[in-house]
Amino acid sequence: MSAHTVGAQPAVPTTPSGDAAPAGGRQRSAWLFIAPFAFFYLCFLLGPALYMFVASFFDASIVKSGLGNFIGLENYAALVRSSAFWSSMWHTLQFTLYTVPPLVILSFVFAVLANRMPRGQTFWRLAFFTPYILPSAAISLIWVFIYTADTGLWATVQKLFGDDSPTPVLGTPSIAMVGIAVATVWWTIGFNFILYLAGLQDIPRELYEAASIDGATPWQQIRHLTIPLLSRTTTLVLLLQIIASLKIFDQVYLMTNGGPGTSTRTALLFITDTGFADYRIGAAAAASFLLFLVIVTIAVIRQLVERAQQKGA
Amino acid sequence: MNSHPPTPGPRGPLSRRSLLRGGLAAGGLGLVAGTAGCGSPLAAGLAGTQLNPGTVTFWNLFAGGDGARLQIMLDQYREQHGGADSLVSATFAWGNPYYTKVSLATLGNKPPDVAVAHVTRASNLAAAGLLEPITDDVLALAGLSADDFSQTAWKASQFQGQTYAIPMDTHPWVLFYNADVCSAAGLLGPDGTLAPIEGVEGWEAALTAGKEASGGFGAATATVADDSNNWRFFSTLYRQRDGSTPLVDDGGLSVTMDDELAIDTLATMRSWVEKGLMPATVDTPGAETLMFTGQSAFFMNGEWEVTTAQSIEGLNFGMSAFPTLYDTPAVQADSHAFILPRMDRSAEQLERAMGFVTSMLDQGLTWAEGGHVPTYLPVYESPEYRRITPQSSYADTVDYAVYDPAAWYSGSGSNFETVVGSTVGLVQQGLTSPQDAVAGIRSTLETYANTPNPL
């Protein structure tokens, strides 16, 4: 959840830079400025990613030197047959389905409400954003305390309402993921909230004025003004959210470590277990590559949707 | 919709360039200051030298009561070996995360001098080539020999005939009882300790009497949030049965579980829940609380929970080996052991490491108070150990302790325990049938058995 780009306005191909400066010198200095970043990008992202892709065709083990034997697509074939892999992919999808709708819809609702507050906006902005600045370890501790079986905060509340033996949230396979999703929504909603609020404040007041003169009700204003004008922000929020959810690791690792059993083991946990606990780095590389494909597919779909939106606009 | 502010022009006496220059200089100074201190981690890391020459680094996985007792033992070592600098110790969360750290640190050539490992995990570390063999010569450095240890644990510390770990204890899964409840239920013998329980009928009778006396349950053990505990319960009962085979064999290459016996054992475990003798859904703190507060006569877990039980004011409790309900005595157990991760060490470093191990073994009585059965015979056979009650009441279990079957995916806190234990827990909670559970366990274990061994 670390690498969010806070670019609320996606780059629109507007007018190209008009001045026709001597291109050669500018290009050289551009490369110079990019070089430090490019170096680290090559060393720590592209390089390892390439190594990973190559390793996925070998039976590489972390405790043996070198890549091991070339086994072609066997790692991939074994993964496709493995129920553990598919169930971890399903858990990732499950988490995505549980978190994305509330994180998009609720943050929109809260942003609209906060934007309507005549005063004290800073307070609301802060209130919604504060959880987001906490590290994942802190929010995990807080929510593990809340969910503690029998004596935790949630169990105590349930007991107040007459449930003598409340089900432990993180100890029950069917609802453990819901528990993690709730914690995540509380934790990260502030980020989308801020994006929406920024978008809202960019909408010119005159539009609302004109609308209300034309007799539009507040609901009609939201329906026909706010939502369409925020559609760019929404596609961005959706994409960032889906990618963040597909990368889900911290909270699950810290709150349940994939348990009970393997009922909350997500794709990244599966990859970590395979690569570092089981030493099977080749198989883990293949699983990473499959997850990479899924994420790229989603990013491409988003790009296509955005292009369609631009044509429509 | 473009609301970017205009780019501010250069202003004021403090230009961006001079600021950058100043920042660089300050940063450089900081770096120099950081590396200047002798023995700083950064300098040692850059130069690839030993972090603190003359210091033993020790990694372990002991939390809770074990951690507190270990601290006493480490302080004692420090006192005898020249102060705080003689030892650096680090504690990590146990299970896969711990073993992953030990493995990666060893592969990165920065392992601790000595580490703790369960013997069921040490064999895998050895197979991966991450451990120094403990030869007779190495043992002799500390004045030890193989005869100084309980043989069950010592044999479990071997991999392909070579010793790779020095066992410090055996930790069986045991029975805790609330003495007041058991007394009211008439379950205590004339000496005030638990009267022997034999066979499934005897166990069910004891649980029924305990349930009546407590008004709650007969026995309690975690069924959720502790997969290893579920596995220990199941393994203990299953291996007590005649003809039960280890769940996997051939180093994990074949699944050899006796499905019929496993189904029957799980069904019996579930029946105790159905009869109301045991709670269906409870975690370890919850199960423990039931026994502590007199709502259950018995509580089952690893013996290390003795520290928690002792901290409860006014609790009158006892411990015993888990009774033999079937044909042969058996209890699931493992041993904590000292390992020497593979690295280039000088003779001095090796001697220092072994000196540390000896110091820990010599303080075995302190360790035994935490419930663990010492494997170092001079401590095990000492009258002082026998006087530690109730911790010595299950000392005999070391003779029939059953360790987890050897496999690259097995051992304490491993995938094996998670896979089997979580399914056992589902049966106890009534969320799956014994038949489906055993089929599920078999198919998952077969997947592992068919996966090429990465070691």
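Annotation for B:ALA68 and A:THR156: the two label points, set 7 Å from Cα along the Cα-Cβ direction, are 2.3 nm apart.
Please report the base-10 log of the normalised intensity I(q)/I(0) for the range B:88-218, using a Debye sum with one equal scatterer per alpha carbon and no solvent, at each q in 0.10, 0.17 (1/Å). The calculated log intensity ratios at q = 0.10, 0.17 Å⁻¹ are -0.57, -0.86.
Shown for the range A:74-312 is the translational diffusion coefficient from the Stokes-Einstein equation, using the Kirkwood radius over Cα pairs, a temperature of 25 °C and a viscosity of 0.890 mPa s: 122 µm²/s.
Measuring nothing but alpha carbons in the range B:268-389 and taking Rh as the Kirkwood radius, the Rg to Rh ratio lands at 1.09.
The per residue volume of the convex hull around the alpha-carbon atoms of chain B is 234 Å³. Take the Cα radius of gyration of the range A:149-265 and divide it by 2.2 N^0.38 Å, N being the number of residues; the result is 1.54.
Hydrodynamic radius of the range B:229-334 by the Kirkwood approach over all distinct alpha-carbon pairs: 15.5 Å. On the basis of the beta-carbon distance and an R0 of 51 Å, A:VAL109 and B:LYS275 show a calculated FRET efficiency of 0.50. Of the residues A:TYR41, A:TYR147, A:TYR76, the one with the fewest other Cβ atoms within 10 Å heads the list, and the complete ranking is A:TYR41, A:TYR76, A:TYR147. Counting only residues at least eight positions apart within a chain, or on another chain, the aspartates and glutamates with an alpha carbon under 14 Å from that of B:LYS155 are B:ASP147, B:ASP169, B:ASP334, B:ASP399, B:ASP404. Considering only alpha-carbon pairs that sit under 8 angstrom and 6 or more positions apart, the relative contact order computed for chain A is 29 percent. Cβ-Cβ distance of A:THR122 and A:TYR208, R₀ of 30 Å, FRET efficiency by 1/(1 + (r/R0)^6): the value works out to about 0.85. Other residues with beta-carbon under 11 Å from the beta-carbon of B:LEU131 carry, at +1 per Lys or Arg and -1 per Asp or Glu, a net charge of +1. Taking the Kirkwood radius as Rh and the Cα radius of gyration as Rg, the range B:129-177 has a ratio of Rg/Rh equal to 1.07. Its relative contact order, with pairs defined as Cα atoms under 8 Å and 6+ residues apart, puts chain B at 24 percent. Of A:PHE193, A:PHE276, A:PHE85, which is the most mobile in a GNM of chain A whose springs link Cα atoms less than 10 angstrom apart? Highest fluctuation among the options: A:PHE276. Along each principal axis, taking the top coordinate minus the bottom one, the Cα set of the protein assembly as shown gives 96, 65, 52 Å in descending order.
Summing +1 for each Lys or Arg and -1 for each Asp or Glu among the other residues whose beta-carbon sits under 15 angstrom from that of A:LEU229 gives 0.
Figure legend: label point modelled 7 angstrom from the Cα of A:LEU93 along Cα→Cβ; residues of the range A:289-304 with amide N under 18 Å from it are A:289-302. At what distance in angstrom do the alpha carbon centres of the range B:53-99 and the range B:272-318 lie from each other? Distance between centres, Cα-based: 30 Å.
Using a 10 Å cut-off on Cβ to Cβ distances, tally the other chain neighbours for every residue of A:68-81 and report the average as a whole number. Partner Cβ neighbours, averaged per residue: 1.
Taken together, the values in this text are just the output of simple stated rules run on the coordinates, not laboratory data. Here the structure is a predicted model, which means the values were calculated and not measured. Here the Cβ is made from the backbone with ideal geometry for all residues, glycine too, and neighbour counts use every protein chain on show.
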